[in-house]
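Here the structure is laid out as structure tokens; the discussion comes afterwards.
The values are calculated or read from the model by the stated rules, or taken from the named source; none is laboratory data. Because the structure is a prediction, the values reported are computed rather than measured. For neighbour counting, all protein chains shown are included, and Cβ atoms are generated from backbone atoms with ideal geometry for every residue, glycine included. To get the accessible areas, we keep the full protein, side chains included, count just its heavy atoms, and leave off ligands, DNA and RNA. Shrake-Rupley method; radii C 1.70, N 1.55, O 1.52, S 1.80 Å.
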Amino acid sequence: MIIRETEDAFVMTTQDDHGRFSGEIARGFRRELFIDESVLEEVLLAIAEHDRAWLLMDDMPIWNDESRTPFTFMDYPPLPKLLMYSKGVEETIAMSPYAGYLCSLHYASFMKNTTEAPFADFYRAEQARQQELQDQFSFPDDDTVTRQFGLLQLCDDLSLYVNMNPPGASKDQEHPWFREGFNMSIDGQRVVATWASEHEIQISPFLFERKWSASIKWKHVLKSSIEEQGIAKAFHDALWTEQTVTFVP
């Protein structure tokens, strides 16, 4: 779950909805950014499905007594999270081995520099899975994989940018992860997003063929409802709100 806290509510976005929003964003990208268009649909599938591992976890949100907030993707208990990560990769491989390979790279990247169990164990298992997939299937060359994996992570970040910031936020109000831009660079220029209004986001360099709109849904879950009903029921009873944003030069 992605959480943005307000004075009286938690704005909650499921990870799968965030993933599908990421996929909507990617469909507007200039095609040459993908380098090898022969696997374009598989890359777009990977981007849209990259957080399907969270489907069951987000279906029943749980409460973090220590932080007094719902558990988020950042602090969710590790053992169930890692088990579902593995399941999500397996399900994506069944749809497309290359899409599953990109998702495996994505999850493993979170654990790359840790030596602590169970994270290191997960990382090693995903490395073995990646090697097995490389041995069984023909994937693009390393430079193309690096670019396409980078686009997956960029779309992930762009979606997080929309979900973790209030619409129209100024740079000093933004979540600190995004104030200096994203990790992805295109032609040597770091990708930066800035809210131009509550419905428009400026992207530099501009990655899209033209102005591009995508929609995400979330729930405003009142803190008073959580106190009365608990987080799971309060979330399920809350109404969905849809936000459409347009990416502009």
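Just the accessible area for Ile35, please: 1.4 Å probe, Å², rounded to the nearest 10?
Looks like 100 Å² after rounding.
By average Cβ neighbour count within 10 Å, what is the ranking of 88-94, 200-206 from highest down? Write out the running numbers ahead of the final one.
Details: 88-94: 19.4, 200-206: 16.0.
Final packing ranking: 88-94, 200-206.
Please list Met111, Met60 in order of solvent-accessible area, largest first, computed with a 1.4 Å probe with all protein chains present. Don't skip to the answer; put the middle values down first.
Working: Met111 10, Met60 105 Å².
Output order, biggest surface exposure first: Met60, Met111.
Defining a contact as two alpha carbons under 8 Å apart and six or more residues distant in sequence, what relative contact order in percent does the range 1-101 show? It would help to have the intermediate numbers written out before the result.
Working: 108 pairs, mean separation 29.2, N = 101.
Normalised by residue count, the contact order of the range 1-101 is 29 percent.
Under 17 Å from the Cα of Lys223, which aspartates and glutamates turn up, not counting those fewer than eight places away in the same chain?
Straight-distance partners of Lys223: Glu5, Glu7, Asp8, Asp65, Glu66, Asp237.
Let me have the relative contact order for the range 138-207, percent, based on Cα pairs under 8 Å that are six or more residues apart.
Numbers: 66 pairs, mean separation 16.7, N = 70.
Contact order relative to length: 24 percent.
Which GluC sites (Glu not before Pro) does the range 105-171 hold that lie in a coil by DSSP with at most 13 other beta carbons within 10 Å? Intermediate results must be reported in sequence, preceding the final value.
On the way: sites: Glu116, Glu126, Glu132; in loops: Glu116.
Filter output for the range 105-171: Glu116.
Please compute the net charge surrounding Trp177, taking Lys and Arg as +1 and Asp and Glu as -1 over other residues with Cβ under 12 Å from its Cβ.
Details: positive: Arg179; negative: Asp156, Asp157, Glu174, Glu180.
Its environment carries a net charge of -3.
Summarise the accessible area of the range 28-157 (1.4 Å probe, protein heavy atoms) by the percent that is carbon and sulfur. Please list the in-between numbers first.
Working: 3250 of 6250 Å².
Result for the range 28-157: 52 percent of the exposed heavy-atom area is carbon or sulfur.
Checking understanding here: applying a Kyte-Doolittle mean of at least 0.0 and a length along the axis of at least 24 Å (C-alpha), which whole DSSP H helices in the chain pass? Show your work: numbers first, answer last.
Numbers: long enough: 78-95 (26 Å, 0.25); 119-136 (26 Å, -1.50); 142-164 (32 Å, 0.07).
Both cut-offs are met by 78-95, 142-164.
With every protein chain in place, what's the accessible area of Leu79 (1.4 Å probe, Å², nearest 10)?
Around 110 Å² of this residue is reachable by solvent.
Leaving ligands, DNA and RNA out of it, rank Leu56, Leu152 by accessible area with a 1.4 Å probe, largest first.
Details: Leu56 115, Leu152 0 Å².
Order by accessible area, largest first: Leu56, Leu152.
Sort 229-235, 15-21 by the packing proxy (mean of other Cβ within 10 Å over each peptide's residues), most packed first. Present the calculation step by step, with values, prior to reporting the outcome.
Details: 229-235: 17.6, 15-21: 23.9.
Result, highest mean first: 15-21, 229-235.
For Lys81, Lys217, give the ranking by accessible area with the largest first, probe 1.4 Å. Walk me through the numbers on the way to the answer.
Details: Lys81 20, Lys217 75 Å².
Order by accessible area, largest first: Lys217, Lys81.
Let me spell out the model: positive unit charges on the Cβ of Lys and Arg, negative unit charges on the Cβ of Asp and Glu, origin at the Cα centre of the chain. What dipole size does that give, in debye rounded to 20?
Numbers: 22 positive and 41 negative charges, 62 e Å.
For this selection, approximately 300 debye.
Treat every Asp and Glu Cβ in the range 134-249 as -1 and every Lys and Arg Cβ as +1, leave all other atoms uncharged, and give the resulting dipole magnitude about the Cα centre to the nearest 20 debye. Numbers along the way, then the final one.
On the way: 10 positive and 17 negative charges, 77 e Å.
The calculation lands at about 360 debye.
Among Val11, Pro249, Ser215, whose Cα lies farthest out toward the positive end of the dipole of the chain, if unit charges sit on the beta carbon of Lys, Arg (+1) and Asp, Glu (-1)?
Farthest towards the positive pole: Pro249.
Return a whole-number percent for the relative contact order of the chain, with Cα pairs under 8 Å and 6 or more residues apart as the contact set. Show your work: numbers first, answer last.
Values: 374 pairs, mean separation 61.9, N = 249.
Rounded, it is 25 percent for the chain.
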